[in-house]
1. Does any residue of the range 301-311 turn out to be modelled with pLDDT of 95 or more and touching a strand residue (DSSP E or B) at 6+ places or on another chain (Cβ under 8 Å)?
2. Take residues that are within 30 Å of Glu296 (Cα to Cα) and in contact (Cβ under 8 Å) with a residue 40 or more places away in the chain and tell me which of the helices (runs of 4 or more DSSP H) falling wholly in the range 111-230 contain 2 or more.
3. Would you be able to tell me the number of residues in the range 148-205 that are closer than 26 Å to Asp42 by Cβ, acidic (Asp, Glu) and crowded, with 19+ Cβ neighbours inside 10 Å?
4. Please verify whether the range 231-242 includes one or more residues that are open to solvent by 60 Å² or more (accessible area, probe 1.4 Å) and either aromatic (Phe, Trp, Tyr) or touching a helix residue (DSSP H, G or I) at 6+ places or on another chain (Cβ under 9 Å) (or both).
5. Pick from the range 39-67 the residues that are in contact (Cβ under 8 Å) with a residue 40 or more places away in the chain and of a type in the set (Lys, Arg): which of them is surrounded by the most Cβ atoms within 10 Å (Cβ to Cβ)?
6. Within the range 82-90, can one find any residue that is open to solvent by 20 Å² or more (accessible area, probe 1.4 Å), closer than 27 Å to Ala23 by Cβ and out of contact with any helix residue (DSSP H, G or I) (no Cβ under 7 Å at 6 or more places or on another chain)?
Amino acid sequence: MLKIRRSFLALTASVLLVASAHAWPDKPVTLVVPFPPGGATDLIARTLAPKLQEKLGGSFITDNKAGATGTIGAGFVARAPADGHTLLVSSLGPYVIAPHLLAKVPYDALKDFDYISIAVQAPNVLVVPASSPHKSMADVIAFQKANPNKMTFASSGNGSSDHLTAELFWLQTNTTGIHVPYKGGGPVMTDLLGAQVDSSFMNINTAMPQILSGKLRALSITSTKRSPLLPNVPSLEELGIKEANVYSWQAVAAPKGLPADIKAKLHAAIVAALNDPQVKTKLLDLGFEIVANTPEQFTAYQAAEFARWKKLIDSRNIKAD
């Protein structure tokens, strides 16, 4: 009798799980952004939300849970039920960088998430003020070799994408510079435009308006090939600077254990949303490249990036703010 009861309960649980998956979403779906409103990650989440709602039904809302370099929001999602009603939309920081910078984070980045898709990516670009004497990357490298630890590189904070790009650049070119960390990208732009700092490996989305206005000069892109937005600016790779390609990326993940049915529906809807003609054109104009890869591809990429940044952070002894 006990065996029959257990079998019945197991069958009932399976039926309920399947029914839940097919009914999803049966309550609001929250896209948790682990940063304040207004940044690139917030933009991607708020671009996806109405399109996912349109394609999947129900309601999709964006909730900003900022703090501790994105790990507070990421930890919240990791602890949420794996039923498809709580998702993480984040840049690479909480996924592959913060776990190596902070003494403790409230999740295991390799085990606590189901990785669904990298939505978009964008390279960084080395920019200098328009008044800078440096007209090319060759100028920068020559100056650094002749003047070690003199040229300043501003970043939005210790361990940020722009900081780590500078560390990779110094490593690959056997040069040195001075890292000047700020509390966010806004102050970096202010001091860069005022020529209070010499340069920054800034995200292309942030830098484009000032490059187009002539207030900043772009010297190189941190990608394997040139950006269509800056066709006259060479990539680091074509300049012979290998292993320094860096992309900032925004991606969607869920708590570990997401039912396969929901994962498939969600992935298909994300890909369709990103390839919607209006959405795609808008994102491309802002400097984003559409990725929309599979859960398997994202999972493999996250593991590789996790190892890559761990190696750099450990070898360069990089600490969080």
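The values are calculated or read from the model by the stated rules, or taken from the named source; none is laboratory data. What you see is a predicted model; the values in this text were computed from it and never measured. Neighbour counts run over all protein chains shown; Cβ positions are idealised from the backbone, glycine included. Surface areas here come from the heavy atoms of the whole protein model, side chains and all, with no ligands, DNA or RNA. Shrake-Rupley method; radii C 1.70, N 1.55, O 1.52, S 1.80 Å.
1. yes
2. Numbers: elements: 137-146, 161-173, 185-193, 204-212.
Ranges flagged: 161-173, 204-212.
3. Total satisfying the criteria: 1.
4. Within the range 231-242, one or more residues are open to solvent by 60 Å² or more (accessible area, probe 1.4 Å) and either aromatic (Phe, Trp, Tyr) or touching a helix residue (DSSP H, G or I) at 6+ places or on another chain (Cβ under 9 Å) (or both).
5. Selected residue: Lys51.
6. yes
Every residue, every condition in (1) within 21 Å of Ala273 (Cα to Cα); (2) at pLDDT below 95; (3) among the hydrophobic types (A, V, I, L, M, F, W, C), yes or no:
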| residue | (1), (2), (3) |
| --- | --- |
| Ala10 | no, yes, yes |
| Val33 | yes, no, yes |
| Gly39 | yes, yes, no |
| Ile44 | yes, no, yes |
| Gly67 | no, yes, no |
| His85 | yes, no, no |
